[in-house]
Ligand SMILES: [Zn+2]
């Protein structure tokens, strides 16, 4: 996809604003105050800080076309070395892919933990769907903890970046940033007004503090309001994104007139709708598990036949765990029901979303790229792609996110004292 000219991410990656302290000590910058949280240390991931020495992994790495045998090295948060042959003492060995990018999440939904019954409208549609009722009543700290739990799941399953549709206006954004603080991840925060109505002051404030606007769907909004919303995002040179044709088919020309950076779902799209998306270079994020939950099957081969660029997302965190490994496996199977697509295409779908954060990013592991790597305990060589669409969380050996390692190789002194502290507490509580 050629990055639309209205989106310019100043000074490298726009999403730097969302990273918790990068390798160069960049601090998060937001136009809103991030609340301090009382989230316990057990909710934080034990990741290291980026190292100034070269760190290396060996095995089969993805060069954007195929898996090649070799070694990948990085310093701080940048890949600095790619060469054939194995290094003597790698941090990990296996199949090496770039960090996955979850192109569509609603992490706040992780607050809903009950078994779900009902239709799309009853569960997720604004303003009265179950998730909106639970989110409206939930305490801020509980929402932050739920989102952080979902982020931890993502890291453990090889996802180092995500694009979140955040509900709840400015306060919703604040909670997302609080959850992201200290997590070794990149996130694009796409927010929306609290109500399904346009208020220029609220929208201006949201745009100042976010990466853009993302709304439920065209048919949920008054036409005039959604057009103003999209125009404001465009004027601020930020992203506008929207669900489309999930429950019912929506008027594609009206939706594309909003100049979205991407659409989500398009399950009910006609061939002509898909053609229009391909012509307009608007990618579609496919969320196959979410669709299946509501009895629908996205036709991935048909979307690709029309030349649409596809991304992969896990959608509502209350419906699906935000693991792209599971999403890739499911998408591959669902695609087979409709004729099948190569496993490599499914991997690409789980990588491309990062271009929204950095238009120059590619899905190849290359020198100069951000050090986001996943090393999986899987067979490599020509069968690497087939291995990937069968992978599970237990295959993940190491995740490198902006040069930070998860899991951290060994406990630090501070961690050791925490463990001792925890033991003491346990001893006391059993007395
Ligand atoms: Zn969604």
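FYI, it's all coordinate maths here, none of it is from the lab. The shown structure was predicted, so the numbers you read here are calculated from the model rather than taken from an experiment. Ideal geometry is used to build each Cβ from the backbone, glycine not excepted, and the neighbour counts take in all protein chains shown.
Let me know the shape class of segment 280-320, please: from the alpha-carbon gyration tensor, a ≥ b ≥ c as square roots of the eigenvalues, rounded when a/c is under 1.5, otherwise prolate if a/b is greater than b/c, or oblate.
oblate
Please sort 108-121, 300-313 by packing, taking for each peptide the average over its residues of neighbouring beta carbons within 10 angstrom, highest first.
Those peptides, ordered most packed to least, come out 300-313, 108-121.
Among 375-384, 92-101, what's the highest-first ranking by average C-beta atoms within 10 angstrom per residue?
Most protected by this proxy first, the peptides run 92-101, 375-384.
So how do 323, 84 line up by other beta-carbon neighbours within 10 Å, fewest first? Please list the in-between numbers first.
Working: 323 24, 84 8.
Sorted ascending by nearby Cβ count, the order is 84, 323.
I need 124, 334 ordered by Cβ neighbour count within 10 Å, fewest first.
Numbers: 124 26, 334 20.
In order of increasing Cβ crowding within 10 Å: 334, 124.
Suppose each label sits 7 Å from its Cα in the direction of the beta carbon; what would the residue 253-residue 119 distance come out to in nanometres?
Taking the two extended label points, one gets 2.9 nm.
Answer rounded, prolate or oblate for segment 182-273, using the Cα gyration tensor with square roots of eigenvalues a ≥ b ≥ c: rounded when a/c is under 1.5, else prolate when a/b is larger than b/c, else oblate.
oblate
Within 10 Å, count the other beta carbons around each residue, average over each peptide in 230-236, 284-290, and list them highest first.
284-290, 230-236
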